[in-house]
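Undergrad: Following this message is one structure expressed as structure tokens.
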Amino acid sequence: MSNMVDPLVSRIGARVRAERERRRWTLAQLADASGVSRAMVHRIERGESSPTAVVLGKLSGAFRISVSSLLAMAEGAMDDGDGKEAGIVDAAAEWRDPATGYHRRQISGPRFPAEIAEIRLPAGAHVPYPAAAFAFVQQIVWVLDGRLTFHDGDETHELAAGDTIELGAPAPRAFANNTEQECRYAVILVRSEAP
């Protein structure tokens, strides 16, 4: 096992800490608001633990921002001194959920008015999010390859390649791949109002 810290995991931790501090919350207050243990929040902030998609959903819900927004802030060019031209997104900034194998790659940069991400959901994976993770955003899910079972509150939608679904009011949601093939989809998100 390597002692090297994944730079993206470290940036996610820094983003979680910055969001917590911006609200002047203690670790205990974020733990209470999110349902994530204080010890886990501490490990994430220090870059010692890669959060799962479910944990990111709980944290983003507590912050009243989307998971996409939380990860985009961490994945995006954090400073312009990295030698890249403005508007170029680092293709290596791909986040992998250690629990499900879910892969997320940011397509749009931090200056673009919509957040666009490509998701690869492995066969058999199921990723739930709380309703609060969808507050203050409008979102479309577009299935590019494979099949996606999308749970939107009490409704279930079976989506095939080419299908899209526009998400309405915040509700508990889950993305599931009940097939034996990977599912690839895009998430396009715009903020509807400031948190």
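Undergrad: Would you point out which residue out of ALA132, ALA125 is open to solvent by less than 30 Å² (accessible area, probe 1.4 Å) and of a type outside the set (Phe, Trp, Tyr)?
TA: Step by step, each of ALA132, ALA125 is checked, and only ALA125 is open to solvent by less than 30 Å² (accessible area, probe 1.4 Å) and of a type outside the set (Phe, Trp, Tyr).
Undergrad: A further question on this structure: Out of the helices (runs of 4 or more DSSP H) lying entirely within region 17-88, which hold 1 or more residues that are at pLDDT 90 or above and out of contact with any Pro (no Cβ under 6 Å at 6 or more places or on another chain)? Lay out the reasoning, then the answer.
TA: Working: elements: 27-34, 38-45, 53-63, 67-75.
Output list reads 27-34, 38-45, 53-63.
Undergrad: Output the number of residues of region 112-158 satisfying the condition of being within 17 Å of SER68 (Cβ to Cβ) and not small (Gly, Ala, Ser).
TA: Start the filter on region 112-158 by keeping residues that are within 17 Å of SER68 (Cβ to Cβ), which leaves 112-121, 127-144, 148, 150, 152.
Filter once more, so that each one left must be not small (Gly, Ala, Ser): 112-113, 115-116, 118-121, 127-130, 134, 136-144, 148, 150, 152.
Of the residues in that region, 25 qualify.
Undergrad: I would also like to ask the following. Within region 143-181, track down each residue that is on the phi > 0 side of the Ramachandran plot and either touching an Asp or Glu at 6+ places or on another chain (Cβ under 9 Å) or in contact (Cβ under 8 Å) with a residue 24 or more places away in the chain (or both). Before you say what the answer is, go through the steps one by one.
TA: We begin by selecting, within region 143-181, every residue on the phi > 0 side of the Ramachandran plot; these are 146, 153, 162.
Answer for region 143-181, where residues must be on the phi > 0 side of the Ramachandran plot and either touching an Asp or Glu at 6+ places or on another chain (Cβ under 9 Å) or in contact (Cβ under 8 Å) with a residue 24 or more places away in the chain (or both): just GLY146.
Undergrad: Enumerate the strands (runs of 3 or more DSSP E) found wholly within region 96-195, keeping only those where 3 or more residues are touching a Leu at 6+ places or on another chain (Cβ under 9 Å).
TA: Working: elements: 103-106, 115-121, 126-129, 137-145, 147-152, 155-160, 164-167, 173-176, 183-191.
The qualifying strands (runs of 3 or more DSSP E) are 103-106, 115-121, 137-145, 147-152, 155-160, 173-176, 183-191.
The values are calculated or read from the model by the stated rules, or taken from the named source; none is laboratory data. From a predicted model like this one, the values you see are computed outputs, not experimental measurements. Note that we place each Cβ from the backbone using ideal geometry, even for glycine, and neighbour counts take in every protein chain shown. Each accessible area value is taken on the protein alone, full model and side chains, heavy atoms only, with ligands, DNA and RNA left out. Shrake-Rupley method; radii C 1.70, N 1.55, O 1.52, S 1.80 Å.
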